[in-house]
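The values are calculated or read from the model by the stated rules, or taken from the named source; none is laboratory data. Given the structure is predicted, the values throughout are model-derived calculations rather than measurements. All Cβ positions, glycine included, derive from the backbone under ideal geometry; neighbour counts span all protein chains shown. Side chains are part of the model used for accessible areas, which takes the heavy atoms of the whole protein and leaves out ligands, DNA and RNA. Shrake-Rupley method; radii C 1.70, N 1.55, O 1.52, S 1.80 Å.
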Amino acid sequence: MSSIATKNSSASSKQRALFAIADRVLPGSGLGSYSLADDIRLIYSHGKGSRMWDVDGNEYIDYVGGAGALILGHSHPAVVKASKAQLDRGAHMFGSLNDVAVMLAERLVDDIPCAEKIAYATTGSEATGYAMRLARAFTGRSKILKFEGAYHGNHDYAIVSTFPQQTGTYPQGVPDSCGQPDATVSTMLVCPYNDLDMLRRIVAEHHDDIAAIIAEPVQRIIPARPEFLHGVRALCDEYDMLFILDEVVTGFRLCYGGAQQWYDVRPDLSTHGKVVGGGGPLSCIAGRADVIGLSDPRLKGRQGYTYFNGTLHGNPVAAAATMAMLDELGKPGVYERMNGFADDLCRETQQILDRHGIPAIAEHTGSLWQILFMEKTPRNQGDVLASDQESMRRLDTLLMQQGQYVLPGVRRFVSTAHTAQDLEDTLRGLDSACREFSKT
Ligand SMILES: Cc1ncc(COP(=O)(O)O)c(C=O)c1O
């Protein structure tokens, strides 16, 4: 498609003026932890389906997908309609239930395999923070075991050994940010992903203190070995710890029943955001009624009561958007088509990489995919660190210059909105990027 942007060497005066403001008032002129080099940083104005446009009107194929929240692509008509209708009825009602939040809660309890109850929160980070707090309250133990390289959000308990530059201090975790209290970091234990032997050893020594094990079912782009998740479940049963499955990305994404259905595993709690939220401010914790029930406000002042609260909990606009999204996802063939697109994309990407002699693999689990400079599917963070990350970022940067919105070095998403035209354009852009890559 001719309108796909290539290179951003001549940003318009509009874009330059906006960056001048952003440089002045936003740290690093960015959002969160992403900072892009000058030749690929852009200011986007809008999106539709699988495409996004920058303020100069250049078009991009979007594989970031709102970090996975936009499983139907941008501005899906059903989601827009439901959100607008709810905005007309009222944007928020704090402190009391609203009808849409009740209806969505019933739907989530029906549709999330482990859910006997759900409790609302606003973001994925909040959901994992509450799940950890619930686990401590339920078990009376203080520590949480997580896996090296796993992302569970932005709070002080989550950012421990998430971005380690080297591996191997198990079970001690490494803080990822300045400003994290030692006391918080030391309540987290860390183990390599997919390593059941090491996990058994750590748990055997520390189980008296461990409230829960939290795991991503696909850790960034690393798929869990099925026996690993089942092994975590068995260990949690053996030592009365809770198993928290972080489905913020995988819930309603790998398939309708999320990773719990994909891997046929039942956690005690699962955390959900992104698709749950419909692109808006809503997330939830799902799972056992006896655990989630500890947040029942009627228990205030009693043993076990666990505090939950947030201005936007149960937000009806996000709840309406989520309901519309789930309706679409529930239609026959949706996951087959989306995951099939990722399959075609990765197979054909691999052929192009091979043709250019580029030593990389195109990996996907369901609709999560990435190009990795390694020989085979990674098992853990050690494999990721041992790979050629500089080349990975260089190729991704060239892809951005070919009009694909990917964040260099970051796992990416296919949505239901990606089309045969997107596949063709993506592969053509990849071919050009590989040619350029091979020259340098
Ligand atoms: C697995 C996982 N858990 C938790 C989070 C945190 O979600 P949020 O960014 O909505 O706080 C993310 C965000 O990407 C995630 O990927």
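Descriptive notes on the structure:
- Residue 135 falls short on exactly one of the conditions (1) outside the structural domain of residue 252 (by TED's automatic domain parsing); (2) open to solvent by less than 40 Å² (accessible area, probe 1.4 Å), and that condition is (1).
- Single condition residue 102 does not satisfy, out of (1) closer than 29 Å to residue 188 by Cβ; (2) open to solvent by 50 Å² or more (accessible area, probe 1.4 Å): (1)
- When residue 56 is tested against (1) modelled with pLDDT of 95 or more; (2) more than 23 Å from residue 316 (Cα to Cα); (3) more than 23 Å from the chain's Cα centre (by Cα), exactly one condition is not met: (1).
- Within the set 156, 176, the sole residue that is surrounded by fewer than 20 Cβ atoms within 10 Å (Cβ to Cβ), within 16 Å of the ligand (Cβ to nearest atom), in the same structural domain as residue 271 (by TED's automatic domain parsing) and touching a residue at least 24 places away in the same chain (Cβ under 8 Å) turns out to be 156.
- Only one of the listed residues (401, 351) is at pLDDT below 95 and open to solvent by 20 Å² or more (accessible area, probe 1.4 Å). That residue is 401.
- Residue check for residue 386: over 29 Å from residue 252 (Cα atoms), of a type outside the set (D, E, K, R) and open to solvent by less than 20 Å² (accessible area, probe 1.4 Å): no
- Selection of the range 246-278 for residues being in contact with a strand residue (DSSP E or B) (Cβ under 9 Å, 6 or more places away or on another chain) and among the small types (Gly, Ala, Ser) yields 251, 258, 259, 270, 273, 277.
- Of the residues 312, 294, 326, the single one that is open to solvent by less than 20 Å² (accessible area, probe 1.4 Å) and either touching a residue at least 24 places away in the same chain (Cβ under 8 Å) or assigned to a loop (DSSP other than H, G, I, E, B) (or both) is 326.
- Residues satisfying the stated conditions in the range 244-265, i.e. under 13 Å from residue 68 (Cα atoms) and not charged (D, E, K, R): 248, 249, 250, 251, 252, 254
- Within the range 384-393, the set of residues being out of contact with any strand residue (DSSP E or B) (no Cβ under 8 Å at 6 or more places or on another chain), without any contact (Cβ under 8 Å) to a residue 60 or more places away in the chain and more than 22 Å from residue 54 (Cβ to Cβ) comprises 386, 388, 389, 390, 391.
- Selection count where residues are more than 13 Å from the ligand (Cβ to nearest atom) and within 15 Å of the chain's Cα centre (by Cα), scope the range 279-297: 0
- Restricted to the range 181-273, the set of helices (runs of 4 or more DSSP H) holding at least 1 residues that are within 12 Å of the ligand (Cβ to nearest atom) and of a type outside the set (A, V, I, L, M) comprises 258-262.
- Checked against (1) assigned to a loop (DSSP other than H, G, I, E, B); (2) open to solvent by 70 Å² or more (accessible area, probe 1.4 Å); (3) closer than 26 Å to residue 368 by Cα, residue 96 passes all but a single condition, namely (3).
- Some residue of the range 413-429 being closer than 30 Å to residue 166 by Cα and either touching a Phe, Trp or Tyr at 6+ places or on another chain (Cβ under 9 Å) or crowded, with 21+ Cβ neighbours inside 10 Å (or both): yes
- Taking the criterion of being part of a loop (DSSP other than H, G, I, E, B) and within 11 Å of the ligand (Cβ to nearest atom), the residues of the range 123-153 that qualify are 123, 150, 151, 152, 153.
- Pairing residues of the range 128-153 that are touching a residue at least 40 places away in the same chain (Cβ under 8 Å) and farther than 17 Å from residue 286 by Cα with residues that are within 14 Å of the ligand (Cβ to nearest atom) and basic (Lys, Arg), at Cβ distances under 8 Å and at least 6 apart in sequence or on separate chains, gives 149/220; 150/220; 151/220.
- For residue 274: the one exception among (1) over 27 Å from residue 95 (Cβ atoms); (2) open to solvent by 50 Å² or more (accessible area, probe 1.4 Å): (1)
- Here is the figure for the range 47-82: residues that are crowded, with 23+ Cβ neighbours inside 10 Å and among the acidic types (Asp, Glu) total 1.
- Residue in the range 113-122 that is assigned to a loop (DSSP other than H, G, I, E, B), more than 23 Å from the chain's Cα centre (by Cα) and more than 16 Å from the ligand (Cβ to nearest atom) present: yes
- Failed criterion for residue 234 (all others in (1) free of Cβ contacts under 8 Å to residues at least 40 places away in the same chain; (2) surrounded by 19 or more Cβ atoms within 10 Å (Cβ to Cβ) hold): (2)
- Where a residue in the range 266-277 is within 18 Å of residue 416 (Cβ to Cβ) and charged (D, E, K, R) and its partner, wherever it lies, is modelled with pLDDT of 95 or more and within 10 Å of the ligand (Cβ to nearest atom), with Cβ under 6 Å and at least six apart: 274/68; 274/69; 274/248
- Hey, residue 303 away from the ligand (no atom under 16 Å from the Cβ), closer than 30 Å to residue 74 by Cβ, open to solvent by 10 Å² or more (accessible area, probe 1.4 Å) and polar (S, T, N, Q) or not: no
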